[in-house]
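*Asks:* Here it is: the structure, laid out below.
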Amino acid sequence: MAKTNIAEVLSLPRRCDIVDEPFAPVDCLLCEETFDLGCSQNFLRHLLVDHKFVIGDVNLIWDLGSYINYWKHRFKDFSTTEAALLQFCTVMKTNTGEHDVFESEFYYFLCDTVPEDRQLREHLNHMRLDVILENQERDRSRTNFNKMCLFCSAEFNGSYDQVKEFFNHMSEKHHFNVGHPDNMVFIDDFIESIRGRLDGLQCLSCTKCFKDRTTLKDHMRKKSHRALNKEDRSFDKFYLVNYLELGKRWTQLNQEEDSDNEEAWQEIGTEPIDQHFCFFCEEVFSSYTKLITHLYQKHDFEYEKIKEQLKMSFYEQFKFVNWIRMEKFKDETGKLDVMEITERILAKEWNQPQYYFPTYQDDAVLTTIEDTNIQDNDELYVFPETREHPEDIRNNSILKHLVVDIVEKDNGKQNKYQRKQKRQKPKQQQVKKNLNVQITVSIDNKAEQ
């Protein structure tokens, strides 16, 4: 019967490097054999089979070559390799059961439960973070960005501002949100990775494939699949948050943050910070007062003075904010000319019923609007009506003269009609009398004949 060393198949993780650099050959930390870490499976298999040595969470080690070289030199500080392994590794003995027929073997497990190993991993992670920040800084200082929208023919060329505009365009026009570019690294690779999946007719949320692009777009629209799959680890390397803490993804950090927020709500009841976006640029402020100060100092726009001059009511302010947000959104550059927009404001172009509806959801500026045209309490006071006698009300009413005029006018018409009837009555009697005479004469003539 064949000899079995382990009870189950071990998974050998494949390293995904964040920087495309060639791997330097590395010597095994327990022998002199050399390996190319471009294919780390061969090296890990060698450690497991030949040396019965296992490195824990090897997929979380960024620079595996530096990690191996450190421990190789560290083990040389001991008289024997076995002494070094017993000092730093957890020893696991296999086939210890009563009914196990195979020979027991010892395996050595090196992991971050050892303080020195933990410090080494964190040091390598900090080195990785430095590399990431350098790449991010290069992305921000670039001037050669040139990409087409993933869903339409819009093109974006230029500096880092166009990178922001690219992602804002996809979020606002196509409702596809993958986060803010300030939180991303390797942006070009990220965009092309998404584009490659869409070109392969694959949904980014559920990873299903479709027969044509129209069917894919209908599926993403109807199912609201307008974000990346959180379980897809291939996108992890494009988000800065995944490099901040060793061994944790952005989803885990979000869960911890949500948990901390819940505790904060229960303990001190803190309120979320509102974001007040500028009317003319991309600046964001934590309070309405800071926004007003920025508008005046940076853009020479006196919002409070304009409101007072136009005597804007609550609903007029509401329409104004939604209108100026829409104008900024429709502008190709995303930046409004203050002089031109001021003239249009004074012409009240904003006073249209469609601007009763918010341009942006959760616009914090809309929550700060107050009705500046509220009347004094004396003007709003309703005085009770005094009870009077009905005859006094009729005599003192301002409608009394109007009623008298109507009655006199009706009486005048009636008198005129009666006078007319009197004038016409003698004429009718004379006509009737003449008719009777003619009839009598006619009858007498017939009798004589």
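*Asks:* Could you give each residue of segment 46-58 its phi-based ³J(HN,Hα) in whole Hz, using Karplus coefficients 6.51, -1.76, 1.60 with θ = phi - 60°, and x for Gly or Pro?
*Replies:* Each residue of segment 46-58 in turn: 4, 4, 6, 7, 8, 10, 6, 10, 10, 9, x, 6, 5 Hz.
*Asks:* Which net charge results for the neighbourhood of Trp71, defined as the other residues with beta-carbon distances under 14 angstrom from its beta-carbon, given Lys and Arg at +1 and Asp and Glu at -1?
*Replies:* Working: positive: Lys72, Arg74, Lys76, Arg118, Arg121; negative: Asp27, Asp63, Asp77, Asp112, Glu116, Asp117.
Surrounding charge for Trp71 is -1.
*Asks:* What distance in nm lies between label points placed 7 Å from Cα along the C-beta direction at Ser171 and Glu308?
*Replies:* For Ser171 paired with Glu308, the spin-label model returns 3.5 nm.
*Asks:* What residues have an amide H closer than 5 Å to that of Lys147, excluding those fewer than 5 places away on the same chain, when H is modeled at 1.01 Å from N in the peptide plane?
*Replies:* Placed amide hydrogens put Phe156 under 5 Å from Lys147.
*Asks:* Go through segment 130-139 residue by residue and turn each phi into a ³J(HN,Hα) via Karplus (6.51, -1.76, 1.60, θ = phi - 60°); whole Hz please, and just put x for glycine and proline.
*Replies:* 4, 5, 5, 5, 5, 5, 5, 5, 5, 4
*Asks:* Using the beta-carbon distance between Tyr315 and Val338 and R0 = 22 Å, what value does 1/(1 + (r/R0)^6) give for FRET efficiency, to the nearest 0.05?
*Replies:* Numbers: r = 24 Å, r/R0 = 1.11.
Here the calculated transfer efficiency is 0.35.
*Asks:* Along segment 80-95, what does the Karplus equation 6.51 cos²θ - 1.76 cosθ + 1.60 (θ = phi - 60°) give for ³J(HN,Hα), rounded to whole Hz, x for Gly and Pro?
*Replies:* Values per residue, Gly and Pro as x: 9, 5, 4, 5, 5, 5, 5, 6, 10, 10, 7, 9, 10, 9, 9, 6 Hz.
*Asks:* Assuming R0 = 30 Å, what is the FRET efficiency of Met92 and Thr34, from their Cβ-Cβ distance, to the nearest 0.05?
*Replies:* E between Met92 and Thr34, to the nearest 0.05, is 0.65.
*Asks:* Also, quick follow-up: Please list, ordered by chain and number, the residues whose modelled amide H lies under 5 Å from the amide H of Met184; skip anything fewer than 5 residues away on the same chain.
*Replies:* Leu240
*Asks:* Just flag the trypsin sites (Lys or Arg not before Pro) in segment 62-125 sitting in loop per DSSP whose Cβ has no more than 11 other Cβ atoms within 10 Å. Mind dumping the intermediate values first?
*Replies:* On the way: sites: Lys72, Arg74, Lys76, Lys93, Arg118, Arg121; in loops: Lys76.
Sites meeting the loop and neighbour criteria: Lys76.
*Asks:* Out of the GluC sites (Glu not before Pro) in segment 17-87, which ones are loop residues according to DSSP with at most 15 other C-beta atoms within 10 Å? Display every interim value, and only then the final one.
*Replies:* Values: sites: Glu32, Glu33, Glu82; in loops: Glu32, Glu33.
For GluC sites (Glu not before Pro) across segment 17-87 that sit outside H, G, I, E and B with at most 15 neighbouring Cβ atoms in 10 Å, the list reads Glu32, Glu33.
*Asks:* Tell me the net charge near Cys206. Cut-off is 13 Å between Cβ atoms, Cys206 excluded, with +1 for each Lys or Arg and -1 for each Asp or Glu. Walk me through the intermediate numbers first.
*Replies:* Numbers: positive: Arg197, Lys208, Lys222, Lys223, Arg226, Lys230; negative: Glu231, Asp232.
Around Cys206, the surrounding residues sum to +4.
*Asks:* Identify the residues of segment 105-130 with backbone N under 11 Å of a label point that sits 7 angstrom from the Cα of Arg233 along the Cα-to-Cβ direction, or state none.
*Replies:* It comes to no residues whatsoever.
Only the coordinates and a few stated rules stand behind these numbers; no lab work does. Predicted, not measured: the structure shown is a model, and the values here were computed from it. As a convention, Cβ positions derive from the backbone with ideal geometry for all residues, glycine included, and neighbour counts pool all protein chains shown.
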